[in-house]
1. Evaluate the Kirkwood expression for the hydrodynamic radius of the chain, namely the inverse of the mean inverse distance over all pairs of different C-alpha atoms, and round to one decimal in Å.
2. So, R0 is 25 Å and r is the distance between the beta-carbons of LEU18 and ARG42; what FRET efficiency does that work out to, to 0.05?
3. Please report, as a whole percent, how much of the solvent-accessible surface of the chain comes from carbon and sulfur atoms (probe radius 1.4 Å).
4. Just subtract the alpha-carbon distance of ALA68 and VAL7 from 0.36 nm times their residue separation and send over the number in nm, one decimal.
5. ³J(HN,Hα) across the stretch 18-26 via Karplus (A = 6.51, B = -1.76, C = 1.60, θ = phi - 60°), whole Hz, x for Gly/Pro?
6. Short version: ³J(HN,Hα) in whole Hz for each residue of the stretch 30-37, in order, from phi by Karplus 6.51 cos²θ - 1.76 cosθ + 1.60 (θ = phi - 60°), x for Gly and Pro, what are they?
Amino acid sequence: MQEINAVFSNLLNIGMGLAFGVSALFVMWGAFLYMTAGGSPRQMETAKAAITNALGGLVIVLLARVIAGVVQGAVA
């Protein structure tokens, strides 16, 4: 059982690192779009949506980590 928990924890840590990296890239992409919008309202809204979606996805991943921790604690 302990081996399964170790594999589960390793997978969660890898997934969290990947999620943070992808989220950071999308936030940077949204910031780049916002800085290069040149006053275009449409492009500024697209940039804001990219940043909001990246942060929303990160929140979902963090909640999934919490839920996985609860499940792992209940099983152990």
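1. On the way: mean 1/r = 0.0708 Å⁻¹.
14.1 Å is the Kirkwood radius here.
2. Working: r = 31 Å, r/R0 = 1.25.
It comes to 0.20.
3. Numbers: 4080 of 5440 Å².
Roughly 75 percent of what the probe reaches on the chain is carbon or sulfur.
4. On the way: separation 61, 0.36 × 61 = 21.96 nm, distance 1.29 nm.
That pair, ALA68 and VAL7, stretches by 20.7 nm at full extension.
5. 5, 5, 5, x, 5, 4, 4, 4, 5
6. Per-residue couplings from phi come out as x, 5, 4, 4, 5, 5, 9, 5 Hz.
The values are calculated or read from the model by the stated rules, or taken from the named source; none is laboratory data. Model, not experiment: these values are computed from the prediction. Here Cβ is always computed from backbone atoms with ideal geometry, including for glycine, and neighbour counts include all displayed protein chains. Side chains are part of the model used for accessible areas, which takes the heavy atoms of the whole protein and leaves out ligands, DNA and RNA. Shrake-Rupley method; radii C 1.70, N 1.55, O 1.52, S 1.80 Å.
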